[in-house]
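One structure is given below, encoded as structure tokens.
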Amino acid sequence: MTLVANRPLDDRRHADPGHPERPDRLAAAWAGVADLHLGEDLVSLDVAPATRAQLTRVHDAAYLEELGVFCYEGGGNLDQDTYATYDSFALAQLAAGAGLGVVEELARRGEGVGFVAVRPPGHHALRDRAMGFCLLNNVAIVAADLVARGARVLVVDWDVHHGNGTQEMFWNEPDVLYVSTHQSPLFPGSGHPREVGGPGARGRTLNVPVPPGATGDVLRAALDEVAAPVVDDFAPDWVLVSAGFDAHRADPIADLALSAGDFADLATTVAGFAPSPGRLAVFLEGGYDLDAVRASVAAALGALVDAAPATEGPTSGGPGSAHVAHALAERRAAIESPGSEEVRW
Amino acid sequence: MIDVIAVGYDHSADAAVAARFALRLAGATGARVVFLHAAGLRERFEHAEHEAGPPAALVGLIAESGLPAARVDWRVEDGDACTVLQRAALDPVNADVVVVGTRGQGAHAGLLLGSTSLEMAEHSSVPLIIVPAPRDDG
């Protein structure tokens, strides 16, 4: 099967010495793609920056202006985690544009799987604020663009951190279903199962937090037992994946215990949510151990395009089964008792 | 009645100003003070080792205030500052009031929209005190 990806971006000048969100991450992801030896089955797209109209579907114009000026003046630290350089805003616009371009190409072809290999990552970026290494919310920008064209969009976020930015942006949007598995407790602290969406989109947010040490079987159960029935009811036209690989057991900033093989399984499950070929795009989010990123990207994409098998087998036996059942019960209670749900942002 | 004062502390100069104010307020009201430090993504990567107790600078402020140690807590929570401070109103902190500085680490003059204090002003479920930093007219 064809893998449709953006051409590699020149991201070397979005860097901060010693910072974990670094250019080597993207090189590792591309090495994972190369490991698949796709030949002519890899389609590389030139990338145009996202337009202001596309960005303002999810970001405040004032924030974009301030971020642009901040970068133009040389950049610096935006918060304790997040930096920007002179080149960061332009790179972030290209990253967002890469997602738009990949999805447009998938739509044109009507087949294949998309891979948006970009940085900075996006899923923590809020409407009016950079956060958690993220400047612009790449997956949300694409989801909003699809919704504007009348599509229903499922966003599956298997990054180890909750995608608070994406959740916030679509809190009241009935045409987006946001599904997140994430470690808890962990940054950013949101993602409780009782966070189920706003009054206009109750049930369109689905969170399954899992404890430190959770293995792949726990996340598979979260998708199979909690998410799958909701996805079936929602009937998405498109599936976008916020694919962080920091739930891997080797990752230095989190404590889950997944392997590359688990990402292959998760990818296979998520592919089953897509309504037809050519309606699935995978966006790189976190992942800070370079070998784990390489192996996990190869495993996940390999499973989607029927290429090389994962180099690590799936994992099981860690804690978290009870958390999945608890998440389902909490979610049901929140949906059945309006006013009892938790609201973030 | 103020029983518990929660204070956001991120090691910045503005956080120290907020800490001094909160300690004085606790002295005047008899309240307990809970210092909350939000541990971000990068902090985990760098393995900061402050979870066992407050940093030296804060220990100095606490000693200076004369408040008994039993009335001061230090907690490190995973999360962004605003989420951690919003949760202060809930169990186990149960804060009656939250105190923050005007700006924290990494903040700068331009991106006012990104400040924790303004986020908290919009979302806090308990009274919020934003302590201004001393004016620098020099």
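The values are calculated or read from the model by the stated rules, or taken from the named source; none is laboratory data. Note that the coordinates shown come from a computational prediction; the quantities given were computed from them, not determined experimentally. Glycine also receives a Cβ, built like all others from the backbone with ideal geometry; neighbour counts cover every protein chain displayed. Protein only, heavy atoms only, side chains kept; ligands, DNA and RNA dropped before computing areas. Shrake-Rupley method; radii C 1.70, N 1.55, O 1.52, S 1.80 Å.
List the residue pairs whose Cβ atoms are under 7 Å apart, where the first residue sits in the stretch A:217-239 and is aromatic (Phe, Trp, Tyr), the second is in a helix (DSSP H, G or I) and open to solvent by less than 30 Å² (accessible area, probe 1.4 Å), and the two are 6 or more positions apart or on different chains.
Final answer for the pair search is A:Trp238/A:Leu146.
How about the stretch A:148-170: which of its residues are open to solvent by 10 Å² or more (accessible area, probe 1.4 Å), charged (D, E, K, R) and in contact (Cβ under 8 Å) with a residue 24 or more places away in the chain?
Residues satisfying the conditions are A:Arg152, A:Glu168.
Does the stretch A:15-45 hold any residues that are more than 20 Å from A:Asp246 (Cα to Cα) and touching a residue at least 60 places away in the same chain (Cβ under 8 Å), and which are they?
Within the stretch A:15-45, A:Leu36, A:His37, A:Leu38, A:Asp41, A:Val43, A:Leu45 qualify.
Provide a single number: the residues in the stretch A:28-63 that are within 14 Å of chain B (Cβ to nearest Cβ), in a helix (DSSP H, G or I) and crowded, with 19+ Cβ neighbours inside 10 Å. First the steps, then the outcome.
Looking only at the stretch A:28-63, we keep the residues that are within 14 Å of chain B (Cβ to nearest Cβ), and these are A:59-63.
Still in the list and also in a helix (DSSP H, G or I): A:61-63.
This time we only want the ones that are crowded, with 19+ Cβ neighbours inside 10 Å, so: A:63.
Final tally of qualifying residues: 1.
Tell me the residue from A:Arg279, A:Arg294 that is out of contact with any helix residue (DSSP H, G or I) (no Cβ under 6 Å at 6 or more places or on another chain) and either away from every other protein chain (no Cβ under 14 Å) or crowded, with 23+ Cβ neighbours inside 10 Å (or both), please. Let's see the steps before the verdict.
On the way: A:Arg294 fails: out of contact with any helix residue (DSSP H, G or I) (no Cβ under 6 Å at 6 or more places or on another chain).
Result of the check over A:Arg279, A:Arg294: A:Arg279.
Does A:Gly68 satisfy the condition of being touching a Ser or Thr at 6+ places or on another chain (Cβ under 7 Å), open to solvent by less than 50 Å² (accessible area, probe 1.4 Å) and either at pLDDT below 95 or within 14 Å of chain B (Cβ to nearest Cβ) (or both)? Steps first, answer last, please.
Values: touching a Ser or Thr at 6+ places or on another chain (Cβ under 7 Å): no; open to solvent by less than 50 Å² (accessible area, probe 1.4 Å): yes; either at pLDDT below 95 or within 14 Å of chain B (Cβ to nearest Cβ) (or both): yes.
Criteria not met by A:Gly68.
Out of (1) part of a helix (DSSP H, G or I); (2) open to solvent by less than 50 Å² (accessible area, probe 1.4 Å), what's the single condition that is false for A:Ala308?
The failed condition is (1).
Collect the residues in the stretch B:1-60 that are among the acidic types (Asp, Glu) and within 10 Å of the chain's Cα centre (by Cα), keeping them in residue-number order.
Hits for the stretch B:1-60 are B:Asp10, B:Asp14.
For the stretch A:175-227, give me each residue that is within 14 Å of chain B (Cβ to nearest Cβ), more than 21 Å from A:Leu154 (Cβ to Cβ) and more than 16 Å from the chain's Cα centre (by Cα).
A:Ser184, A:Pro185, A:Leu186, A:Gly189, A:Pro211, A:Pro212
Given (1) open to solvent by 50 Å² or more (accessible area, probe 1.4 Å); (2) within 12 Å of chain A (Cβ to nearest Cβ); (3) in contact with a helix residue (DSSP H, G or I) (Cβ under 9 Å, 6 or more places away or on another chain), where does B:Leu90 come up short, assuming only one miss?
B:Leu90 satisfies all of (1) open to solvent by 50 Å² or more (accessible area, probe 1.4 Å); (2) within 12 Å of chain A (Cβ to nearest Cβ); (3) in contact with a helix residue (DSSP H, G or I) (Cβ under 9 Å, 6 or more places away or on another chain) except (3).
How many of the residues making up the stretch A:235-262 are within 13 Å of the chain's Cα centre (by Cα) and outside any strand (DSSP E or B)? Full working, then the answer.
Here is the first cut: in the stretch A:235-262, the residues within 13 Å of the chain's Cα centre (by Cα) are A:239-247.
Among the residues that remain, those that are also outside any strand (DSSP E or B) are: A:244-247.
Summing the residues that are within 13 Å of the chain's Cα centre (by Cα) and outside any strand (DSSP E or B) in the stretch A:235-262 gives 4.
So that you can scan it fast, the table gives a plain yes or no per residue for (1) more than 14 Å from chain B (Cβ to nearest Cβ); (2) part of a loop (DSSP other than H, G, I, E, B); (3) in contact with a strand residue (DSSP E or B) (Cβ under 8 Å, 6 or more places away or on another chain); (4) surrounded by fewer than 24 Cβ atoms within 10 Å (Cβ to Cβ):
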| position | (1), (2), (3), (4) |
| --- | --- |
| A:Gly76 | no, no, yes, yes |
| A:Ala90 | yes, no, no, yes |
| A:Gly99 | yes, no, yes, no |
| A:Val103 | yes, no, yes, no |
| A:Arg108 | yes, no, no, yes |
| A:Glu111 | yes, yes, no, yes |
| A:Gly114 | yes, no, yes, no |
| A:Val118 | yes, yes, yes, no |
| A:His123 | no, yes, yes, no |
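Can you spot a residue in the stretch B:42-54 that is exposed (fewer than 15 other Cβ atoms within 10 Å of the Cβ), more than 30 Å from A:Pro252 (Cα to Cα) and more than 14 Å from every other protein chain (Cβ to nearest Cβ)? Before you say what the answer is, go through the steps one by one.
Step one: of the stretch B:42-54, the residues exposed (fewer than 15 other Cβ atoms within 10 Å of the Cβ) are B:46-47, B:49, B:51-53.
When the remaining residues are screened for being more than 30 Å from A:Pro252 (Cα to Cα), the result is none.
No: zero hits.
In the stretch A:260-275, what count of residues is obtained for those that are more than 20 Å from A:Gly101 (Cβ to Cβ) and open to solvent by 20 Å² or more (accessible area, probe 1.4 Å)?
Initial filter on the stretch A:260-275 (more than 20 Å from A:Gly101 (Cβ to Cβ)): A:260-273, A:275.
Retained after the next criterion (residues that are open to solvent by 20 Å² or more (accessible area, probe 1.4 Å)): A:265, A:268-269, A:271-273, A:275.
Residues that pass the stated criteria total 7.
Just checking, how many residues over the stretch A:130-165 are at positive phi and either part of a helix (DSSP H, G or I) or more than 14 Å from chain B (Cβ to nearest Cβ) (or both)?
1
In the stretch A:315-324, what residues are in a helix (DSSP H, G or I) and in contact (Cβ under 8 Å) with a residue 60 or more places away in the chain?
Narrowing the stretch A:315-324 to residues in a helix (DSSP H, G or I): A:321-324.
Scanning the stretch A:315-324 gives A:Ser321, A:His323, A:Val324.
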